[in-house]
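Structure first, commentary second.
The values are calculated or read from the model by the stated rules, or taken from the named source; none is laboratory data. Please read all numbers here as calculations on a predicted model, not as lab measurements. Counting neighbours? That spans all protein chains shown, and the Cβs are built from the backbone with ideal geometry, glycine included.
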Amino acid sequence: KSKLKTNYIGRNIYYFDIVDSTNLTAKKLAEKGEEEGTIVLAQVQTRGRGRENKEWISPKGGIWTSIILKPDIPAVNAPQITLMTAVAVAKTLKKLFKNLDVGIKWPNDVLIGNKKVCGILTESYSRNESLEYVIVGVGIDINVDINSFPIELQEGATSIKEELGKEVPLVDVLCEFLYEFEKVYEKFKAGKFQEILKEWRALSKTIGSYVEIRKKFGKRIRGEAVGVTKDGALILELDDGRLKKIFSGACIHLS
Ligand code: BTN
């Protein structure tokens, strides 16, 4: 704990050797009135959850954590928190592992090269259009053997261990992440989301690539990613030159 440089993020930690999902546990705590900044941390998750109801494989060696936040913002701005978190993760990895090619894939996957090293699952709960609390779930594959994953997941995924060929101290990465997270969250609460977006753009691997967006029900849209709007929606230039805003969907880099 002495390595932790934050004021309130991660000052209360609920640690579990094994838990179903840190997001679920954090939600239960938040329902009981747990304060902002408390985190849930697990060594292993048995039912780690990813986006779109996918499973998130969470063996020993990863950072599996969920942060409870209570920002005073309109519920429609909740997606900004996910973008902000990706910036915090990417900055952390860049700072600690200078040789790695760290970047962000829209909206919020952190990549090394073109492989995913971190996923973020933000779940917000609101009452009367205002946010009651937000759970920010972060999974970073640190000392994880990707070849222990189901074969279909191996190709697109990597870990810090995989990239460096050695294990790194997990707690140091966690403390640095919480520190970067608090800094960017303070900026966010001060109404400086545009500054955060600037950092996001600088870290983005999506802008400038030709991408395919896969929406629900099999709908696909292709185009060149040319920017993000001030709320973080992706701006695509379609093949016929029209611009289209994309608010959600899975993004695949084709170039
Ligand atoms: C994604 O699909 O990219 C998001 C993955 C989020 C995984 C993290 S691990 C900690 C937290 N608890 C969960 O059950 N999921 C998130």
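Just to be sure before I move on: is Ala88 more than 13 Å from the chain's Cα centre (by Cα), small (Gly, Ala, Ser) and farther than 18 Å from Ala225 by Cβ in the structure I sent? Criteria not met by Ala88. Within the range 144-162, the set of residues being away from the ligand (no atom under 15 Å from the Cβ) and either of a type in the set (S, T, N, Q) or surrounded by fewer than 17 Cβ atoms within 10 Å (Cβ to Cβ) (or both) comprises Asp145, Asn147, Ser148, Ile151, Gln154, Glu155.
Every listed requirement among (1) in a helix (DSSP H, G or I); (2) modelled with pLDDT under 95; (3) touching a strand residue (DSSP E or B) at 6+ places or on another chain (Cβ under 9 Å); (4) away from the ligand (no atom under 14 Å from the Cβ) is met by Val87 save one, (2).
Can we say Gly165 is surrounded by fewer than 12 Cβ atoms within 10 Å (Cβ to Cβ) and modelled with pLDDT of 95 or more? The answer is yes for Gly165. The listed residues are Lys95, Lys116, and the only one of them that is of a type in the set (D, E, K, R) and within 10 Å of the ligand (Cβ to nearest atom) turns out to be Lys116.
Cβ-Cβ distances below 6 Å connect the following pairs, each with a first residue in the range 65-78 that is crowded, with 19+ Cβ neighbours inside 10 Å, a second residue that is part of a loop (DSSP other than H, G, I, E, B), and a separation of six or more residues or different chains: Ile68/Glu34; Ile68/Thr38; Leu69/Glu36. Remark: pairs (first residue in the range 149-162, within 15 Å of Asp109 (Cα to Cα) and outside the structural domain of Gly103 (by TED's automatic domain parsing); second residue among the acidic types (Asp, Glu) and at pLDDT 95 or above; Cβ separation under 9 Å; 6+ apart in sequence or on different chains) are absent.
Among the residues making up the range 192-228, those that are over 19 Å from the mean Cα position of the chain (by Cα) and among the β-branched types (Val, Ile, Thr) are Val211, Ile221, Val226. Among the residues in the range 24-36, are any among the polar types (S, T, N, Q), closer than 28 Å to Ser248 by Cβ and surrounded by fewer than 20 Cβ atoms within 10 Å (Cβ to Cβ)? Yes, the range 24-36 contains at least one residue that is among the polar types (S, T, N, Q), closer than 28 Å to Ser248 by Cβ and surrounded by fewer than 20 Cβ atoms within 10 Å (Cβ to Cβ).
Residues of the range 169-202 that are within 18 Å of Val117 (Cα to Cα) and either in contact (Cβ under 8 Å) with a residue 60 or more places away in the chain or among the polar types (S, T, N, Q) (or both): Leu170, Val171, Asp172, Val173, Leu174, Cys175, Glu176, Phe177, Leu178, Glu180, Phe181, Trp200. The residues of the range 119-137 that are within 12 Å of Ile81 (Cα to Cα) and within 12 Å of the ligand (Cβ to nearest atom), listed by number, are Ile120, Leu121, Thr122, Glu123, Ile135, Val136, Gly137.
Applying the set (1) among the hydroxyl-bearing types (Ser, Thr, Tyr); (2) within 13 Å of the chain's Cα centre (by Cα); (3) farther than 16 Å from Val171 by Cα to Thr25 leaves exactly one unmet item: (2).
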